[in-house]
Structures are given as structure tokens and as C-alpha cells.
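First comes the structure, then the notes that go with it.
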Ligand code: GDP
């Protein structure tokens, strides 16, 4: 093994931020990029942020879509190479978020200190738990009056069911916010206001019981000392192994807007967060240090650059090295393809990658041959696993305004379903075309894109379907019987898999009871 290569892999950190909307994900991202020298002045990651109103979504997305950097951002920090993957903010795109989380090795959880643990954080945390993704936490907005930090710790432990180990502790909050005290180095990092757009000086005071500390803390000195005594006794100690196993989260406090505490958090992150981890395939585990290249596609994004109208397939490199112009095997279609012009995401520019190694993300131009979940290798027949479709909860029947546009509609839906933007179902007993989604905004995207890219105007009607299940059986006879008996409820999905469309939950339950030899799946692997 080439030791230079394994060293480079050890320096990789690939992660995503999980948070409830408005907790400060975007602001934290900006500051991280500032520390990574990837942007000059924080504040340019995304333009004006509209309210989460529906009508705003398209323009917002377009605005963001122009900048490739909003999807994957690579920046250097203290000899490490950090890959930060963006996750969609709106819960209607939770499926997309899940798939992004399959491509990272750890996550950063941002919590609004005034609000504590909110519901979207709980959901995302559960997703991380499915894969035992290590989580580091940042409690944000300390420049405001936050809740009692001990209570917030408690809430993390109880509601998220993970041990919380504070690394630093806030010295008051809101108007009185003085800084943070590192429980391990016995150092105060002093908060200075108005440094949001620059890399702030790190003003340190060693020790809590010093004249300098007293001068800083003033009337709060005694109270804070007592609180920290209590915290030391009552909270978990940081334990690297427990963190890597997803059982414990190290917690940092700060204010992203004030760019304070972010550096301390980033320092902890690059030190402790896991380097690229092995990934499972149907055949075997793939280790990042294997010489041969392999990777899988976890996301496809359209119209990243409106001028070029291209679609980019995001691939996580799982092993080996990608070199520009190399030939790889597209395992699903069994073909060798040359990747001449993969894009990378360094420093906010869409530049050509000469090289990418395990842990990195590269973007491939997709002309319709790449689907979510596709595996690429240097020849070995592997299939990376764990990239699911979720059973939709919302359904619409599509009716064309112009029936002559059927071909375009089918093509559009085919592509949109391959990209994971929606799911499409073709019932066995009718000519209906049904689209399914996890969140209602997905329909809006589908309608918009069908109109914009495929020139298809359609009407989206409500339809009496509550949920869907992919069905399978080991017994061909039982399957045949089921197909005859339940045919009015059966459909093919976009990739031809048989699916049961249930009008009600009760109906689904009855079907499951009536056909014990049929397996009903709420998720399906790509
Ligand atoms: P996101 O929805 O999680 O991406 O959140 P944003 O980063 O867009 O932040 C939501 C709002 O909170 C914005 O108005 C930010 O300016 C504000 N915000 C973010 N961090 C802080 C902070 O540390 N202190 C204060 N007072 N406001 C913050």
C-alpha cells in the first residue's frame, strides 16, 4: 500500500449538516467556508433567503441552483481536506437528504440554543442512527438568550437518545455572552462582537480562577464557576470511541452569526471525525484504501447551470483514485465509459478534477444513462447497497392537456424518477400515470420541470391512494394468485417493480394478512 495514498485518505473528512430549518445551517456553512478560505467574505453562499413559502421555492432553488457550491463544498483546513455535502432544507425533500447521508462519514448537528431539539432534527437523527453515523453538535445563537444549557444537554440525551459530552461551556448568553470555556484545556475563549465577517482573533484566558477571568466575568464569576463544577460532575466525558460508534455526541457552543465558537468546533471536528469508512456492497465490503477505483451515485441534480441545462450525477468515491479521463465500468448497464470531464467542488468553482480519492465527491455529466444507486468500478462487478426509495405517501394522477405529448411525458417522468425527484407508477388495469412523492413540494418540482424541460402541460388530479408497497414472493404460484386477485391495486414502478397501491391503511393491512406469502416493502433499494 502506498503510504502517501493512505495518508491522503486519512486526511479526508466527508460530512453533512443536519438541523431544523432556521437553526443556522447556512450560516455555519458560510463560516466553515471562511475558515477554509473558500470564500473571502462570509455571506455569499446563497442569495437573499426568501421565506419558506411555496411560491418562492422555484426562484429560490434557481437562485441556489446557479451555484454548484451549494451542493458539495470542498475546502482545506489544517492539513485536512473537508467535503461538506449540503442537504435540502425543506422536509419535503427528506428522501434526498437520506440519500446524501449515505454518502457521508459523519454529521454535524446544529441546534438553536433558544429552541433546543426540534422535530426535524429528531427525524434526521433517526436516519443517522440507522447507519450509526457519528454526530458532533453545535449549539447555536449564544448571542441571544438561550435556554438553560444544562436543560438543552438533557434534552439532547433524552429526546435524541445519545450521550452528550460538552467540550466547551458557554459563559452566559445573550447580551451577557462572554465566551466559552473549554472543559478540557481549562481555557476561556473570549467573545468579541462584530467579527461575523472575518476570521476573529482567538483571545484566550487560561483558567477560570484568574484575575483576568474575574475581570471578564464580573458579577457572574462565582455563578459560572459553580455551574461549571456542576457540569463537570453531571455530564458525560468525551469518549472518542463512543463518538465514532454514534453513542455519544461532543457538544460545542457558539454563535454562527457572530462567527464565534465555530473555529473551536471545526478544530474538534477535523481531529475526531472519522476518515472515509468502508462501504457495503452486495458482494463484499469495500475499503477506501483499495487501489482500484469504485464509487456510487447518491444524487442527481438537474439544471445546476441554467445556461447549460445539464444534469450532474454526484458520486461518492469509495475506494482508489479517480484520474481524469479514466475508463470505468458502469456496472448496471455493463459498459465501460470514459469519464473525461468530472467536476469537483473546490473553492466555489466548478473546475475539472484531475484526481479525486476515496471520500471525495465528483460530479459526472449525466446524459440519461446514470441513475441513483449506480455503481462504477474498474471492472469488478459490485453493487453498493443502502440507497433506498421510500414508499410515497402522496399521489397524483397526471392528465395531459395535449394527448400528443404522451412520449415527452413518459420520457420526462422516466428521467425524473431516475433522478429520485419523484416516483412513477403505471397501474396494471388502466392507462393512468400516477406520480408519488414523500412531500408535496416534490409535485411542484415535477410539474415545473415537465413544463420547463419537456414542454408538457398536465393536470395533476387527486387520486384515491394512501400508500404504496413494493411486493415480492418466493413462491411464483402465490405471486400469480396475488396478481390475479389484487390486480386492480397493482402497478409497475418506474423501473418495472411490481407495487401494491393501497387506497387506505386498513386495506393494506388486510392485504398483508390475506396474502402471507407476499412480502410488502416500504422501502426499495436502488
Ligand atoms: P438554516 O435555515 O438552518 O440554513 O438557517 P440560517 O443559517 O439561514 O439562519 C436562520 C436565521 O438565523 C438567519 O436569519 C440567521 O441570520 C440567523 N442566525 C444564524 N445563526 C445565528 C446566531 O448565531 N445568532 C443569531 N442571533 N442569529 C443567527
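The values are calculated or read from the model by the stated rules, or taken from the named source; none is laboratory data. Computed from a predicted structure; not experimentally measured. Please note: Cβ atoms are built from the backbone with ideal geometry, for glycine as well, and neighbour counts cover all protein chains shown.
What residue, among those in region 258-282 that are in a loop (DSSP other than H, G, I, E, B) and under 22 Å from the mean Cα position of the chain (by Cα), is farthest from the ligand (Cβ to nearest atom)?
Within region 258-282, the subset in a loop (DSSP other than H, G, I, E, B) is 258-259, 261, 273-278, 282.
Adding the requirement that they be under 22 Å from the mean Cα position of the chain (by Cα) leaves 273-278.
Details: 273: 20, 274: 24, 275: 27, 276: 26, 277: 26, 278: 31 Å.
The residue in question is 278.
Matching residues to (1) under 32 Å from the mean Cα position of the chain (by Cα); (2) within 23 Å of residue 393 (Cβ to Cβ); (3) in contact (Cβ under 8 Å) with a residue 40 or more places away in the chain; (4) assigned to a loop (DSSP other than H, G, I, E, B):
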{"site": "448", "(1), (2), (3), (4)": "yes, yes, yes, no"}
{"site": "452", "(1), (2), (3), (4)": "yes, no, no, no"}
{"site": "461", "(1), (2), (3), (4)": "yes, yes, yes, no"}
{"site": "471", "(1), (2), (3), (4)": "yes, yes, yes, no"}
{"site": "477", "(1), (2), (3), (4)": "no, no, no, no"}
{"site": "480", "(1), (2), (3), (4)": "no, no, no, no"}
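Within the bounds of region 112-122, is there any residue that is assigned to a loop (DSSP other than H, G, I, E, B) and more than 17 Å from residue 21 (Cα to Cα)?
Of all residues in region 112-122, those assigned to a loop (DSSP other than H, G, I, E, B) come to 113-118.
Those left that are additionally more than 17 Å from residue 21 (Cα to Cα): none.
For region 112-122, residues assigned to a loop (DSSP other than H, G, I, E, B) and more than 17 Å from residue 21 (Cα to Cα): absent.
Listed by position, the strands (runs of 3 or more DSSP E) enclosed by region 327-423 that each have at least 1 residues that are closer than 20 Å to residue 16 by Cβ are 355-357, 361-366, 388-390.
Scanning region 372-406 for residues being under 30 Å from residue 336 (Cα atoms), at pLDDT 90 or above and surrounded by fewer than 21 Cβ atoms within 10 Å (Cβ to Cβ) gives a total of 6. Is it true that some residue in region 41-58 is surrounded by fewer than 21 Cβ atoms within 10 Å (Cβ to Cβ), more than 11 Å from the ligand (Cβ to nearest atom), more than 23 Å from residue 363 (Cα to Cα) and at pLDDT 60 or above? Within region 41-58, not a single residue is surrounded by fewer than 21 Cβ atoms within 10 Å (Cβ to Cβ), more than 11 Å from the ligand (Cβ to nearest atom), more than 23 Å from residue 363 (Cα to Cα) and at pLDDT 60 or above. Quick one: is residue 429 within 32 Å of the chain's Cα centre (by Cα), loosely packed, with under 15 Cβ neighbours inside 10 Å and touching a residue at least 24 places away in the same chain (Cβ under 8 Å)? No.
The set of residues in region 3-37 being more than 16 Å from the ligand (Cβ to nearest atom), crowded, with 20+ Cβ neighbours inside 10 Å and in a loop (DSSP other than H, G, I, E, B) consists of 36 alone.
Helices (runs of 4 or more DSSP H) wholly in region 188-256 with at least 3 residues that are exposed (fewer than 11 other Cβ atoms within 10 Å of the Cβ) - which ones?
Details: elements: 211-217, 221-234, 240-244.
It comes to 221-234.
Determine whether residue 285 is at negative phi, over 20 Å from the mean Cα position of the chain (by Cα), away from the ligand (no atom under 16 Å from the Cβ) and surrounded by fewer than 23 Cβ atoms within 10 Å (Cβ to Cβ).
Values: at negative phi: yes; over 20 Å from the mean Cα position of the chain (by Cα): yes; away from the ligand (no atom under 16 Å from the Cβ): yes; surrounded by fewer than 23 Cβ atoms within 10 Å (Cβ to Cβ): yes.
The answer is yes for residue 285.
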